[in-house]
Amino acid sequence: MLSIEELAQLPVRSASKREEPLRGVPNATWVITNEDILRSPATSIPEVLRQAPGLQVARVNATQYAISARGFGGVEPSNKLLLLVDGRSGYSTLHSGVFWELRSPLLEDIAQIEVISGPGGTLYGPNAVNGVINILSKDAFDAQGVLVRGTAGARERTFGARYGFKLGEDAAVRVYANGYDREDMPAAGIAPAFDDAIRGWQAGFRADMHSGASRFTLQGDIFDNDSFRVPGDGDRGYNLLGRWRRDLTDSSSFQFQAYYDYFKRRALLTVDVLETVDAEVQYNLASGRHDLVAGIGGRTTRDLFVNTLNDFQLDPPRARLWIGNAFLQDRFALTSKLSVTAGAKLESSSYTGVQLLPSLRLAWQAGERALLWAAISRAVRTPSRIDRDLTEPVFLARAPDFASEKLTAYEAGYRGQPTSSTSLSLSLFYNDYSDLRSATFIGNPFPLQLSNDLRGQTYGLEAAVTQQLAPWWRVTGGAAWLRKDFEVRPGAIDLTAGASLGQDPDYRFTFRSQVTLPSGLLLDLSLRAVDGLDSPQVDGYVEADARLSFRVAEAVELYVAGENLLHARHLESNDVQRAQWIERSVYAGTRLRF
């Protein structure tokens, strides 16, 4: 287990696209380490993400999750969070959200997950509005040998395997496979009964070559899963990514990255296809008081949406999008303790035109172990295909002039170690939104059209504290509090009654205890309390997860784990079309390493 000091020194890249210790990051960043993942009872990425205090993770049913930061919770409204997996974007051009069922890597091979609460548009572009989740896998040199993992319970079975090997002194490769079989969950009453079970697998490889000042990575994945609401439902896809990084001098580096990504979703008599090609060049330079990062990039996507369930269609059903961007950010040291970070990203799209995304951050090293920071940023969510091109012959007209949703965010925070055995992170935010999605009349009384007539503010507090009570016992607590105030623009109406704003609990509390006992015993307990939702009403809940493992030998680990242990079942979503009861789950597992 890493010490509190070692946690503060963890290298992270997401905050500034360069490696820096966590203790010096001037934003609300939380890191989930590989050890945190392995000691968790979670068997999927969304369940792992419950460890990040700034994220609202709501399981909707056996297949779907709604994950958001700083508001806009729900399957459809959670469209302001950017997911990156080893540099590949998880953004969907269909609805601007994330399909979490398409992401099933081998958890054992994740190096860490970096979660940023707050806008990241200056470095990552549109749609990094309320947060960024960056999943980073291990270098192949750090995943050598054989690993096999299996779990079995009444509601879920999983299997994972990895083999890593070296090709001489300068190259290494790992290959992996991960499978899962999740049973359906019972109807919640507010939603119709349907089979929400899912069964699938993902496999892939990563190869790394280190040669002097250069590093090269080539990696790829392929996945296939089946769901059973309608015969033929399921998802297929594959990707390939290459990254070359070279240290030019001790204080400068160059990186080129390119990837191809394809997936096809079949769900409830609809077909959704997205093909992405992306390339980016990045340059880093530390010179005197300046720490610069700059880059240019390009992306093209081609999509297809076919709906045979009802008359809602995209017009046209196929579209190609071209995007070009350039960004520059400079962290300038005003004094030895005070620095300012200023940057901007300029992005041009064949779909929405030009967007400018600036940010300004101030950081003050108040003491050896205390950082105070403040920031103002602009971010946008560009229109999705649904926003502009969804149509229905009787009720809904296309909205070709639908504009980007806009955010101006004001943040302030503290990160530090009040004592050598305590770490504390606090962040305050005030978000001012405009041009949020609504629906209006353009006929008498129909058709309707999507529009940008909602605006308002959210504000709140996020906090996390970790205390090392003893060398063998660590506890972590997290809290998030949110308030919202939205309105329809004067003179306009919103026929959706604010559906795009989502449903969010006013507060969330989390607690985690990690105990390392003698004789290879590890005991992990976690507790979460989440406020209820309105319209329709869903009660708040308190739930607990636990995991007890025994390392029989260095190569053999046996464990038993349980999720949602306090109640037989509870609800986390009030989505009337999708929500199912989330049931208690207990399983046994083993992990073998050779």
- Item | Number of the exception - Gly460 against (1) among the small types (Gly, Ala, Ser); (2) within 30 Å of Leu523 (Cα to Cα); (3) open to solvent by less than 20 Å² (accessible area, probe 1.4 Å) | (2)
- Item | Whichever residue in region 415-425 is part of a strand (DSSP E or B) and surrounded by fewer than 16 Cβ atoms within 10 Å (Cβ to Cβ) and, among such residues, is farthest from the chain's Cα centre (by Cα) | Thr419
- Task: Could you look through region 359-403, keep only residues that are under 24 Å from the mean Cα position of the chain (by Cα) and among the small types (Gly, Ala, Ser), and pick out the one that is most open to solvent (accessible area, probe 1.4 Å)?
- Result: Ala374
- How many residues of region 542-589 are open to solvent by 40 Å² or more (accessible area, probe 1.4 Å), at pLDDT 95 or above and polar (S, T, N, Q)? The answer is 0
- Item | Residue count for region 90-144, restricted to those that are open to solvent by 20 Å² or more (accessible area, probe 1.4 Å) and part of a strand (DSSP E or B) | 4
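This table checks each residue for (1) among the hydrophobic types (A, V, I, L, M, F, W, C); (2) in a loop (DSSP other than H, G, I, E, B); (3) surrounded by fewer than 17 Cβ atoms within 10 Å (Cβ to Cβ); (4) touching a His at 6+ places or on another chain (Cβ under 8 Å).
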residue: Val273; (1), (2), (3), (4): yes, no, no, no
residue: Thr276; (1), (2), (3), (4): no, no, no, no
residue: Val281; (1), (2), (3), (4): yes, no, yes, no
residue: Leu292; (1), (2), (3), (4): yes, no, no, no
residue: Gly295; (1), (2), (3), (4): no, no, no, no
residue: Phe305; (1), (2), (3), (4): yes, no, no, no
residue: Leu309; (1), (2), (3), (4): yes, yes, yes, no
- Candidates Tyr587, Tyr541, Tyr559 - the one that is closer than 25 Å to Ser513 by Cβ, among the aromatic types (Phe, Trp, Tyr) and touching a residue at least 60 places away in the same chain (Cβ under 8 Å): Tyr587
- Task: Can you tell me which residue among Glu76, Glu47 is modelled with pLDDT of 95 or more and either touching an Asp or Glu at 6+ places or on another chain (Cβ under 7 Å) or acidic (Asp, Glu) (or both)?
- Result: Glu47
- Where residues in region 23-43 are touching a Phe, Trp or Tyr at 6+ places or on another chain (Cβ under 9 Å) and either open to solvent by less than 20 Å² (accessible area, probe 1.4 Å) or of a type in the set (A, V, I, L, M) (or both), which of them is nearest to Ala363 (Cα to Cα)? Pro26
- Per the filter on region 91-108, residues touching a Gly at 6+ places or on another chain (Cβ under 9 Å) and farther than 27 Å from Ala463 by Cα are Tyr91, Phe99, Glu101, Leu102, Arg103, Ser104, Pro105, Leu106, Glu108
- Item | Condition check for Arg155: open to solvent by 20 Å² or more (accessible area, probe 1.4 Å) and either closer than 26 Å to Gly212 by Cβ or not polar (S, T, N, Q) (or both) | yes
- Residue list for region 163-222, restricted to those being open to solvent by less than 50 Å² (accessible area, probe 1.4 Å), under 23 Å from the mean Cα position of the chain (by Cα) and among the aromatic types (Phe, Trp, Tyr): Tyr176, Tyr180
- Task: Only residues that are open to solvent by less than 30 Å² (accessible area, probe 1.4 Å) and either within 22 Å of the chain's Cα centre (by Cα) or more than 21 Å from Val542 (Cα to Cα) (or both): list them for region 480-519, please.
- Result: Ala480, Leu482, Ala492, Asp494, Gly498, Ser500, Leu501, Gly502, Asp504, Pro505, Val515
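The values are calculated or read from the model by the stated rules, or taken from the named source; none is laboratory data. Keep in mind that this is a model prediction, so the values were computed, not measured. Note that each Cβ is placed from the backbone with ideal geometry, even for glycine, and that neighbours are counted across all protein chains shown. Please note that ligands, DNA and RNA were not included when accessible areas were found on the heavy atoms of the full protein model with its side chains. Shrake-Rupley method; radii C 1.70, N 1.55, O 1.52, S 1.80 Å.
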